[in-house]
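To keep things clear, I will list the structure first and then write my remarks on it.
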Amino acid sequence: MGAHALLVGISRFDDPRLGHLNAPASDVVALADALREPSRSVFDSVSVLIDSDVQTIRRKICELLEDRSPQDMILFYYSGHGIVARGPRLYLATRKSSFDKPHPESLPASEIREMLALTRAGKQIIILDCCHSGAFKDAKGGHALNESTFRGNDTADGQYVLTATDALQFAFDTSGLSRFTGWLVDAIGKGEAAPEKDHISLDAVFEYVSRRARAERVGMTPKLFVDNKSGEVFIARNPAAQRRSRPTEPPLPAEILAQLDSENWLVRRDAVLELAKFAKLPRFRALAEKAIADRINSERDSDVREAMLSLLAELDGHPAPEPKPAPKPAPKPARQQAAQTAAGAKSRPAQKPQNAPRPQTPPAPSWQGVKRAARTFLLMFAGLILLVGFIGFWNAANRIAIEPASPFGVEEDQSSVASVDPDAASPSDAEDLKQREAEAVRQTEAQEAARKTEADAAAADAAAARELDAYAALARQQDAGQAAQGQDTEESIRQRDAMLAAIGPPPGGALAQRQAILDVQKGLASLRFYTGPADGIFSPATRAAIVAFQQSAGLEATGRMDDALVGRMRQVTAPSSARDIIQSLGR
């Protein structure tokens, strides 16, 4: 029967997306020292690989698994990056691994499972300290265990996988040892997993790291998976328990001490309550009292401090174990006892009976009760304020619902006026009634004026549209007549329609627009830019004359009748002509 271990740690990676790690190299060295220590070791060989490539690791795993018997035990440990691909598939990263394509230079978990299935070693232990390590076992392989899985089974053949996290969690890297490997070293190297047993089993290690994970609250959930038979598998000896010659005072659990120093006051209070259970045992009483006494002066929270004071008071009032009572002397004769009693009464003053009840002093008020009373009062006061505000809001909402505002403010005013009796109203109410009547009349007149103005504007727009349509029809008829005489073409008619649409109707309607074009033609003719007929039609010749004038006057050649064109013509033409143009365009 032999036991062999292979420990692999990868701290450096070529891919920048896989950041360098601090702990794996130290993890491998520390765990190897704990497994190699002669007083503890149960392994015949412990091999170490640090920052090796995938081929070297694969070859060492093959050497670990070859030529084994069913009585042999093998252990494979890995510390580094865990990469999860689709599936999910777990890859153990090596120095040359790629984050995007991990398969070529990484060690797949499926390959390790296949190699383990081919070896004849009866006990197979895999310990993984990496992110997503719980994904090592797929849905078909193994089942997760808890602390109560291994109980009293001597048959220990099987495959055991101990992981730092589940399939979705991250493992934490630190400057020294990683969290998980640090717990392993404490469990094996210091014997804390089984302080009172001669050997340290894998299930004791799993129970210990699970307690440390819960106590330190680091977001890691260690998992243990098992295939085939399950039972106690011893991975180290405990020399402290072997050479214990006389009983010594056992220490308090490390997780309780860690909880007493936590930053969360709820955790500290629960730790004090848990410590009270240990304090009931005589071997832990002195340690519990010392742990509380060392921390009570620096405790900031009143609830935790009160729990500590209660525990100390309970420890102080707890009676120590009394020795067995000595046999009582034989009773003296009644006459002799009476004589001695009388003599003693003469020689000493009267004393109070020892069993007389002591006067009861009222208990001092507890600050915790005061805090609860103050908190209750504040809650009641806040509730009262909320209730008053809600009632005010409800009344306002009801008032608005009962007296809604009228859209025009006329009907309700008239109804309210009709409901008031002027003879029965007071002078102030009568004056207010008159003001409301006057305001209602003003609002009615303003609304009627607004509606009339809108109707007039709509009628004006409709008339202007009709004039424009009539002018457009007249212009098309003239253009069609000219085209029939050979004076124009259909293309010129379409261009003229487009120009006419570009001009847009002026405020005065279609006739005013034709008069404005006529005035511009006259102005351009007086400036010798336009030689065509002054007919009020926006023809291509008119547009060409406007463009020529704009170019000569330094304006943008748009060919449109705008304010800039009229302003420049006002400067270069006679005052009477400019005035006529402006007046015609302003119609």
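FYI, it's all coordinate maths here, none of it is from the lab. Because the structure is predicted, anything quoted here is derived from the model rather than measured. Because the Cβ atoms are built from the backbone with ideal geometry, glycine has one as well, and the counts that use them run over all protein chains shown.
Return the distance in nm (one decimal) between the two label points of a simple spin-label model at Gln368 and Ala557, each offset 7 Å from Cα along Cα→Cβ.
Going from the Gln368 label point to the Ala557 one covers 9.8 nm.
Pairs to check: Lys137/Lys197; Lys223/Lys290; Lys197/Lys223. Give those whose C-alpha atoms are more than 29 Å from each other in this structure.
On the way: Lys137/Lys197 31 Å; Lys223/Lys290 35 Å; Lys197/Lys223 23 Å.
Correct reply: Lys137/Lys197; Lys223/Lys290.
For the stretch 3-245, with only Lys/Arg (+1) and Asp/Glu (-1) charged at the beta-carbon, what is the dipole magnitude about the Cα centre, in debye rounded to 20?
Details: 31 positive and 32 negative charges, 57 e Å.
Its charge dipole is roughly 280 debye.
Quick one: which residues, 5 or more positions from Ser41 or on another chain, have an amide H under 5 Å from its amide H? H modelled 1.01 Å from N in the peptide plane, none for Pro or chain starts.
Under 5 Å from the amide H of Ser41 lie the amide H atoms of Arg237, each far enough along the sequence or on another chain.
Using modelled amide H (1.01 Å from N, peptide plane; none on Pro or chain starts), what sits under 5 Å from the amide H of Ala3, excluding residues fewer than 5 places away?
Residues meeting the amide H criterion: Asp44, Ser45, Met73.
So how do 267-276, 35-44 stack up, highest first, on mean other-Cβ count within 10 Å? Before the final figure, lay out each step's value.
Working: 267-276: 19.2, 35-44: 15.3.
So the order, starting with the most tightly packed, is 267-276, 35-44.
In whole Hz, with x marking every Gly and Pro, tabulate ³J(HN,Hα) for the stretch 21-26 from phi via Karplus 6.51 cos²θ - 1.76 cosθ + 1.60, θ = phi - 60°.
10, 8, 8, x, 4, 5
Return the FRET efficiency for the residue pair Ser262, Met380: r is the Cβ-Cβ distance, R0 is 45 Å, and the value is rounded to the nearest 0.05.
Values: r = 33 Å, r/R0 = 0.74.
So, using R0 = 45 Å, E works out to roughly 0.85.
Please list, ordered by chain and number, the residues whose modelled amide H lies under 5 Å from the amide H of Phe76; skip anything fewer than 5 residues away on the same chain.
Leu6, Ile125, Ile126, Ile127
Taking a virtual spin label 7 Å from the Cα of Arg58 along the C-beta vector, which residues in the stretch 67-109 bring their backbone nitrogen under 17 Å of it?
Counting only backbone N, you get 90-98, 101-109.
Multiplying the sequence separation of Thr221 and Glu196 by 0.36 nm and subtracting their Cα-Cα distance, what value in nm do you get? The partial results should precede the final answer.
Details: separation 25, 0.36 × 25 = 9.00 nm, distance 2.57 nm.
Stretched out fully, the Thr221 to Glu196 stretch lengthens by 6.4 nm.
Counting Lys and Arg as +1 and Asp and Glu as -1, what is the net charge of the other residues whose Cβ lies under 15 Å from the Cβ of Ser11?
So the environment of Ser11 carries a net charge of -4.
Mind ordering 535-541, 69-75, 91-97 by average Cβ neighbours within 10 Å, highest first? Let's see the in-between values first.
Values: 535-541: 19.0, 69-75: 17.4, 91-97: 23.3.
Highest-to-lowest ranking by the protection proxy: 91-97, 535-541, 69-75.
What does the charge count near Ala271 come to, summing +1 for each Lys or Arg and -1 for each Asp or Glu among other residues with Cβ under 14 Å from its Cβ? Please list the in-between numbers first.
Numbers: positive: Arg211, Arg214, Arg217, Arg268, Arg269, Lys277, Arg295, Arg305; negative: Glu216, Glu255, Asp261, Glu263, Asp270, Glu274, Asp294, Glu299, Asp301, Asp303.
Charge balance near Ala271 sits at -2.
Count charges around Ser178 for me, please; just the other residues with Cβ under 12 Å from its Cβ, Lys/Arg as +1, Asp/Glu as -1. It would help to have the intermediate numbers written out before the result.
On the way: positive: Arg179; negative: Asp27, Asp129, Asp173.
Taking every Cβ under 12 Å from that of Ser178, the sum is -2.
Between Glu37 and Glu306, take the C-beta separation as r, use R0 = 41 Å, and let me know the FRET efficiency to the nearest 0.05. Show your work: numbers first, answer last.
Details: r = 46 Å, r/R0 = 1.12.
For Glu37 and Glu306, the calculated efficiency is 0.35.
Explain nothing, just compute: Karplus ³J(HN,Hα) = 6.51 cos²θ - 1.76 cosθ + 1.60, θ = phi - 60°, for every residue of the stretch 371-380 in order, whole Hz, x for Gly and Pro.
With coefficients 6.51, -1.76 and 1.60, one gets 5, 5, 5, 5, 5, 5, 5, 5, 5, 5 Hz.
What list of ³J(HN,Hα) couplings, whole Hz, do you get for the stretch 166-181 from phi and the Karplus terms 6.51, -1.76, 1.60, once you set θ to phi - 60° and write x for glycine and proline?
8, 6, 10, 8, 10, 8, 9, 9, 10, 6, x, 8, 5, 4, 5, 5
Under a crude label model (7 Å from the Cα following the beta-carbon direction), how far is Asp429 from Ser69 in nanometres?
Spacing of the two 7 Å Cα→Cβ label points: 11.8 nm.
Only Cα pairs under 8 Å and at least 6 apart count here; give the relative contact order of the stretch 255-317 as a rounded whole percent.
31
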